[in-house]
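S.K.: Below is the structure I would like to discuss, written out as structure tokens.
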Amino acid sequence: MTRKPGYSGLQIGLHWAVAALVLFNYLFGETMEEAFDAVYEEGQLASGLGYQLHVWVGLAVLAMASLRLALRAILGGGPAASSGPALLEKGAGAIHALLYGLMFAVPLLGAAAWYAGIEDAADLHVLAVDGLMILAGLHAAAALFHQFVLKDHRLLRMMRAR
Ligand code: HEM
Ligand code: HEM
């Protein structure tokens, strides 16, 4: 079956929604750290709205990541459907695969820490978040390089529905 290159409106909407929600949880993660310490180190009850937002925003990322993978399997998209140099396409594909993996690993590790009180999962959650932010930064820089230096309209693929 031949598929049109690019992404559907829903795929594009989910891409940017995940990017915004990940950034939100990254910037406001401290409230969750305080709640985790209160519950598991000081034996107190967690208070405030901040940590609840962290949990729901993070679980929304998990749900959206699942939907994205399902849509990708059905609708396609991604570097395989485009035409850059083979080695660069492989690199981009590997980064996308790692980003997908971390979209699952980060919230799942957070849930294991929060709901089961697993300290090691909390440490891995924080480590995985750092990895996600570094990769997302590289990925965003690559998108800007494609768009403005190579001028191959790569960024537009994630802005205009096919
Ligand atoms: C400002 C930040 C970002 C920019 C400018 C950006 C840009 C793009 C662009 C242009 C593409 C399409 C590449 C192509 O197929 O030609 C893309 C795909 C992708 N992006 Fe981002 N992105 C950003 C943030 C993120 C974040 C935070 C994540 C993950 C949490 C992410 C995950 C992905 C994945 C997995 C794909 C591949 C989609 C697929 O083919 O199924 N991006 N991004
Ligand atoms: C995309 C999703 C998520 C991102 C980007 C994210 C990001 C973060 C960040 C930046 C911190 C603070 C790290 C620090 O200041 O040391 C943190 C801590 C934490 N998060 Fe998340 N989080 C996400 C999802 C979740 C989910 C779904 C849960 C639980 C259901 C969760 C539970 C926790 C816990 C328990 C901590 C405290 C860990 C500790 O103090 O060692 N997170 N998260």
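The values are calculated or read from the model by the stated rules, or taken from the named source; none is laboratory data. Only a predicted model underlies this, so the values are computations on that prediction, with no experimental measurement involved. Every residue, glycine as well, gets a Cβ built from its backbone with ideal geometry; the counts of neighbours run over all protein chains shown. Quick note on the areas: whole protein, heavy atoms, side chains included, nothing else; ligands and nucleic acids left out. Shrake-Rupley method; radii C 1.70, N 1.55, O 1.52, S 1.80 Å.
Every residue, every condition in (1) farther than 19 Å from Y100 by Cα; (2) at pLDDT below 95; (3) in a loop (DSSP other than H, G, I, E, B); (4) basic (K, R), yes or no:
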| residue | (1), (2), (3), (4) |
| --- | --- |
| G6 | no, yes, yes, no |
| G13 | no, no, no, no |
| W16 | no, no, no, no |
| V22 | no, no, no, no |
| A38 | yes, no, no, no |
| L53 | yes, no, no, no |
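S.K.: Against the conditions (1) over 20 Å from N25 (Cβ atoms); (2) loosely packed, with under 14 Cβ neighbours inside 10 Å, where does G76 fall short? Just the number, please.
M.R.: (2)
S.K.: If I filter the stretch 151-162 down to residues being open to solvent by 60 Å² or more (accessible area, probe 1.4 Å) and without any contact (Cβ under 8 Å) to a residue 60 or more places away in the chain, which single residue comes out as nearest to ligand 1 (Cβ to nearest atom)?
M.R.: In this case the residue turns out to be H153.
S.K.: Still on this structure: Examine the stretch 116-124 for a residue that is more than 8 Å from ligand 2 (Cβ to nearest atom), in a helix (DSSP H, G or I), open to solvent by 30 Å² or more (accessible area, probe 1.4 Å) and under 16 Å from Y26 (Cα atoms), and state whether such a residue exists.
M.R.: The answer is yes, given that some residue of the stretch 116-124 is more than 8 Å from ligand 2 (Cβ to nearest atom), in a helix (DSSP H, G or I), open to solvent by 30 Å² or more (accessible area, probe 1.4 Å) and under 16 Å from Y26 (Cα atoms).
S.K.: Would you mind telling me which numbered condition in (1) over 25 Å from G76 (Cα atoms); (2) within 14 Å of the chain's Cα centre (by Cα); (3) more than 16 Å from ligand 2 (Cβ to nearest atom); (4) of a type outside the set (D, E, K, R) V149 fails?
M.R.: (2)
S.K.: Related question: Keeping to the stretch 45-73, report how many residues are without any contact (Cβ under 8 Å) to a residue 24 or more places away in the chain, open to solvent by less than 60 Å² (accessible area, probe 1.4 Å) and within 21 Å of E119 (Cα to Cα).
M.R.: 3
S.K.: From E42, E34, grab the single residue that is without any contact (Cβ under 8 Å) to a residue 40 or more places away in the chain and more than 9 Å from ligand 2 (Cβ to nearest atom).
M.R.: Testing whether each residue is without any contact (Cβ under 8 Å) to a residue 40 or more places away in the chain and more than 9 Å from ligand 2 (Cβ to nearest atom) leaves just E42.
S.K.: Okay, moving on. Those residues that are among the polar types (S, T, N, Q) and more than 10 Å from ligand 2 (Cβ to nearest atom), I need them from the stretch 1-31; list them, please.
M.R.: T2, S8, Q11
S.K.: Restricting to the stretch 1-15, name every residue that is closer than 19 Å to L132 by Cα and in contact (Cβ under 8 Å) with a residue 60 or more places away in the chain.
M.R.: H15
S.K.: Continuing with the same structure: If you scan the stretch 4-26, which residues turn out to be surrounded by fewer than 16 Cβ atoms within 10 Å (Cβ to Cβ) and hydroxyl-bearing (S, T, Y)?
M.R.: Passing the criteria: only Y26.
S.K.: Can you tell me which residues in the stretch 98-115 are open to solvent by 30 Å² or more (accessible area, probe 1.4 Å) and in contact (Cβ under 8 Å) with a residue 60 or more places away in the chain?
M.R.: Once the filter is applied, which keeps residues that are open to solvent by 30 Å² or more (accessible area, probe 1.4 Å) and in contact (Cβ under 8 Å) with a residue 60 or more places away in the chain, the stretch 98-115 yields only W114.
S.K.: Let me ask something else about it. Hey, among E30, E34, which residue is over 20 Å from the mean Cα position of the chain (by Cα) and open to solvent by 50 Å² or more (accessible area, probe 1.4 Å)? Walk me through it before giving the result.
M.R.: Working: E30 fails: over 20 Å from the mean Cα position of the chain (by Cα).
Just a single option satisfies the conditions, and that option is E34.
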